[in-house]
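Engineer: One structure is given below, represented as structure tokens, and several questions about it will come after.
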Amino acid sequence: NCLNKVTSFWDMRKHNWIEMSRETSKYDEYGRQIEYDSRQWNVDRACWIGLEKKSYAFSDMGLIATYQEYLWNETKGDWGNLIIDEYEYNTEGQKTVEMHSKWRNNEWNRTSRTEYKYDDNGNEVLRQFFDKDNKPTKGYIGFAQKAYTYDDKGHMLSDRYYDVKNKLVLVDGIAGNNYKRDGHGNIIEEFPIGTDQKIAKGKLMVRCKYDD
């Protein structure tokens with residue numbers, strides 16, 4: 001693993017190399033990157049300026065437990081907190097919770113929470129979005145939850161978008177899709193629906209054929 005990367009240029013007048021940028025990485029005992037720091041030399045101010053910094057922490061299962069980004073503080077000449085994402089998983093290693101927070105007023109402030117649910121076969125059946133107060137929200141994505149159904153082979157048969165009142169809602173003109181599949185699991189028909197469960201207005205049903 002690369003620990004340090006330095007970019008320099010040759011100063012023709014002073015006849016020496018001058019560093020222009022630095023990239024520093026840290027790794028844990030398992031070789032996983034836990035920190036990345038990138039800085040650039042500001043010639044006019046004769047000081048280093050931070051470009052990007054991020055860090056990771058891992059769970060006992062080796063999955064990302066936290067991901068953090070930092071913001072360069074020019075006054076202090078050092079990094080400050082910016083955002084942090086926290087993750088939880090089930091015993092199968094599937095993500096069940098994702099929480100997003102921003103650094104404000106010298107403390108972390110939760111901005112959103114996403115929950116994931118799965119069936120006994122490990123297929124995602126529900127994804128729900130919550131705001132900073134843990135109330136259902138559709139936020140900027142346009143829906144508060146998305147549900148999926150599958151056949152006994154694990155092939156997706158439908159997906160649906162719902163609002164905060166658990167009612168179908170349109171996202172990009174559709175409230176979801178129904179899928180028909182052949183014996184091999186290939187999609188042979190894709191049917192976009194509206195909130196009335198009929199074909200979505202202005203959308204077309206798609207049928208597919210496959211060779212042997």
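Engineer: Which of (1) under 30 Å from Glu88 (Cα atoms); (2) of a type in the set (Gly, Ala, Ser); (3) open to solvent by 50 Å² or more (accessible area, probe 1.4 Å) does Gly202 not meet, given it meets every other one?
Structural biologist: (1)
Engineer: Mind listing whichever residues of the range 66-94 are touching a Leu at 6+ places or on another chain (Cβ under 8 Å) and either in contact (Cβ under 8 Å) with a residue 60 or more places away in the chain or over 14 Å from Lys54 (Cα atoms) (or both)?
Structural biologist: Hits for the range 66-94 are Tyr87, Tyr89, Gly93.
Engineer: Still on this model: Here are some conditions: (1) within 19 Å of Trp103 (Cα to Cα); (2) of a type outside the set (A, V, I, L, M, F, W, C); (3) assigned to a strand (DSSP E or B). Thr75 meets all but one. Which one does it not meet?
Structural biologist: (3)
The values are calculated or read from the model by the stated rules, or taken from the named source; none is laboratory data. Remember, it's a predicted structure, so these values are computed and weren't measured experimentally. Quick reminder, even Gly has a Cβ in these numbers, built from the backbone with ideal geometry, and neighbours come from all protein chains shown. Surface accessibility is based on the protein's heavy atoms, side chains included, excluding ligands, DNA and RNA. Shrake-Rupley method; radii C 1.70, N 1.55, O 1.52, S 1.80 Å.
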